[in-house]
Amino acid sequence: MADRTKSFFLSPEIHEYLVAHGTPPDDVQRALIEETSKLPMAMMQVAPEQGAFMTVLTRIVGARRAIEVGTFTGYSSLCIARGLPDDGHLLCCDVNEEWTAVALRYWERAGVAEKIELRIAPAIDTLRSLPDEQVVDLAFIDADKPGYLGYYEEILRRLRPNGVILVDNTLWSGAVIDPAVDDDNTRAIRAFNDEVAADSRVDCVQLPISDRLTLLRKR
């Protein structure tokens, strides 16, 4: 599916086997992967197996209202939207009109555009503007790393009990345990991981999917 795998702890051969033995990307998803692969920031796209997991999880939790922070070209949002019922709603938060223009086209092609609302604005402002009610069933955070804790707090207060939050890149290609790495993004991921692991409001587990996917359930 790609020249490089985001699962840095898997060989390319094992990764190909893993993807082949799950629900495979369909023609629309494959086309989106191909178009995104030509962008300089192509590695920001979630891996195919992660997208399949997100669709299944959305269905398992019976999500009707979902939030995504960081949409890029729309693969993850397409996967979440496919797991929602026909009257489900996914709010996508992003600041880049060029990348999300690709997402808009593929949402239409996939037949999920009516379920998705895109807001181009700083995500923290969009989240703070939402009603302060616990009505969100599922959320996905995959945006600027220093913003993670703020996004988490704003979503958690609006998440229903037993609702789930997924957070991407929480191993940061292994940099989180490398003392020689001390950039802003790595420090932010470390701080986020420490915070949620100790947060009594949630159950927390890191899943070995792609660059690690943290799953949080609100108690």
Region 131-148, subset closer than 17 Å to Ile80 by Cβ and outside any strand (DSSP E or B), residue most open to solvent (accessible area, probe 1.4 Å): Val135
For the subset of region 198-217 comprising residues that are crowded, with 19+ Cβ neighbours inside 10 Å and within 16 Å of Thr58 (Cβ to Cβ), which member is modelled with the lowest pLDDT? Ile209
Taking region 165-192 as the search range and keeping residues that are open to solvent by less than 10 Å² (accessible area, probe 1.4 Å) and of a type in the set (Val, Ile, Thr), which one is nearest to Arg219 (Cα to Cα)? Ile165
Is at least one residue of region 168-179 under 24 Å from Asn96 (Cβ atoms), assigned to a strand (DSSP E or B) and either touching a residue at least 12 places away in the same chain (Cβ under 8 Å) or touching a strand residue (DSSP E or B) at 6+ places or on another chain (Cβ under 6 Å) (or both)? yes
Could you list, in sequence order, the residues of region 94-122 that are under 21 Å from Arg65 (Cα atoms) and in contact (Cβ under 8 Å) with a residue 60 or more places away in the chain? Tyr106, Ala110
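Any idea which of Glu114, Glu195, Glu98 is open to solvent by 70 Å² or more (accessible area, probe 1.4 Å) and either more than 25 Å from Gln29 (Cβ to Cβ) or among the aromatic types (Phe, Trp, Tyr) (or both)?
Answer to the check: Glu195.
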Kindly list the number of the only condition in (1) open to solvent by 40 Å² or more (accessible area, probe 1.4 Å); (2) under 25 Å from Ile124 (Cβ atoms) that fails for Ser77. (1)
Just give me the residues in region 1-43 being modelled with pLDDT under 95, open to solvent by 50 Å² or more (accessible area, probe 1.4 Å) and assigned to a helix (DSSP H, G or I), in sequence order. Pro12, Glu13, Ile14, Glu16, Tyr17, Leu18, Ala20, Met43
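The values are calculated or read from the model by the stated rules, or taken from the named source; none is laboratory data. In this text the structure is predicted, and so the values were computed from the model without any measurement. Virtual Cβ from ideal backbone geometry, glycine too; neighbours counted across all protein chains shown. Remember, those area values only see protein heavy atoms, side chains included, never the ligands or the DNA or RNA. Shrake-Rupley method; radii C 1.70, N 1.55, O 1.52, S 1.80 Å.
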